[in-house]
Each structure stands twice: as C-alpha cells, then as structure tokens.
Amino acid sequence: HIQEFAKMIVGLGGLPKAGFHPIPSLTEPKEILEYAAKIESEVVENYVKRRVECEELGGVDGTWVGLFLENQIIDSRSDLDEIRQLLK
C-alpha cells in the first residue's frame, strides 16, 4: 500500500514523506493476528474517511484519488476478512 500511495502522491505533484508506525514486539500467533486485524480495521476506516474527502478535491484528480482509495478499501477489507477467518 505504501508504494502505491507514494506513486499517487508523486502523480499529483507532491513528494511522499516517510513516517513509521511503531510495531509492538509480539510472539504469539494469535496476538499477531489480533494486532493485524486491529491495524487493517483502522486502515479501512481511514481510507473510507479519505474517500469522502475526495469529493472536496473534485475534478479529475479527486475522481482518480477516490477510485484509488476504493481499490485500497477493497484490498484492506479483504485482508481483514482473511485475518478474521484465521482467528476463528
């Protein structure tokens, strides 16, 4: 996802900035999956919020970013569903 976002930002004339999310030290498979599910859930929520904001951007760029985010929502939601299946 990060590489795709970087390409989108450059395509819109910006420069991507590096930022890091601290990752806890987890060793148990169930803990790892629970953490992954939490993060994917947050990602989907953030993508949905950004998708709504694309309407404010308007024009071709707003439409393009909106479509990009829709694909990211589908991908992350699919990952979340798979993780939830593994947890069961």
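The values are calculated or read from the model by the stated rules, or taken from the named source; none is laboratory data. Only a predicted model underlies this, so the values are computations on that prediction, with no experimental measurement involved. Positions of Cβ are backbone-derived with ideal geometry, glycine not excepted, and every protein chain shown enters the neighbour counts. Just so you know, the surface numbers come from the protein's heavy atoms only, side chains and all, with ligands and any DNA or RNA stripped out. Shrake-Rupley method; radii C 1.70, N 1.55, O 1.52, S 1.80 Å.
For the range 1-83, trypsin sites (Lys or Arg not before Pro) are listed when DSSP marks them as loop and at most 13 other Cβ atoms sit within 10 Å of their Cβ; the list is LYS17.
Hand me the chymotrypsin sites (Phe, Trp or Tyr not before Pro) from the chain located in a DSSP loop with no more than 14 other Cβ atoms within 10 Å, in residue order please.
Within the chain, the qualifying chymotrypsin sites (Phe, Trp or Tyr not before Pro) (loop, at most 14 other Cβ atoms within 10 Å) are PHE20.
Could you check how much of the accessible area of the chain is carbon and sulfur, as a whole percent, using a 1.4 Å probe? Please report the intermediate quantities before stating the final value.
Details: 3940 of 6760 Å².
Accessible surface attributable to carbon and sulfur in the chain totals 58 percent.
Other residues whose C-beta falls under 15 angstrom from the C-beta of GLU55 contribute a net charge of -1, scoring Lys and Arg +1 and Asp and Glu -1.
For the chain, report the translational diffusion coefficient in µm²/s to the nearest whole number, using Stokes-Einstein at 20 °C, 1.002 mPa s, and a Kirkwood Rh over Cα pairs.
On the way: Rh = 14.5 Å.
Once the numbers are plugged in, D ends up at 148 µm²/s.
Which helices, taking whole DSSP H runs in the chain, have alpha carbons extending 18 angstrom or more along the helix axis plus mean Kyte-Doolittle at least -1.0? Intermediate values should be presented prior to the final figure.
Values: long enough: 29-57 (41 Å, -0.61); 59-87 (42 Å, -0.04).
Span-like helices in the chain: 29-57, 59-87.
One chain, two ends: TRP64 and ILE32. Fully extended at 0.36 nm per residue, the span grows by 8.1 nm beyond their Cα-Cα distance. Counting only heavy atoms of protein chains, what accessible area per residue, in Å², does the chain have with a probe of 1.4 Å? Value returned for the chain: 77 Å² of accessible area per residue.
Result for the chain in a Gaussian network model with C-alpha springs under 10 Å: among ILE39, ILE74, ILE23, the largest mean-square fluctuation is at ILE23.
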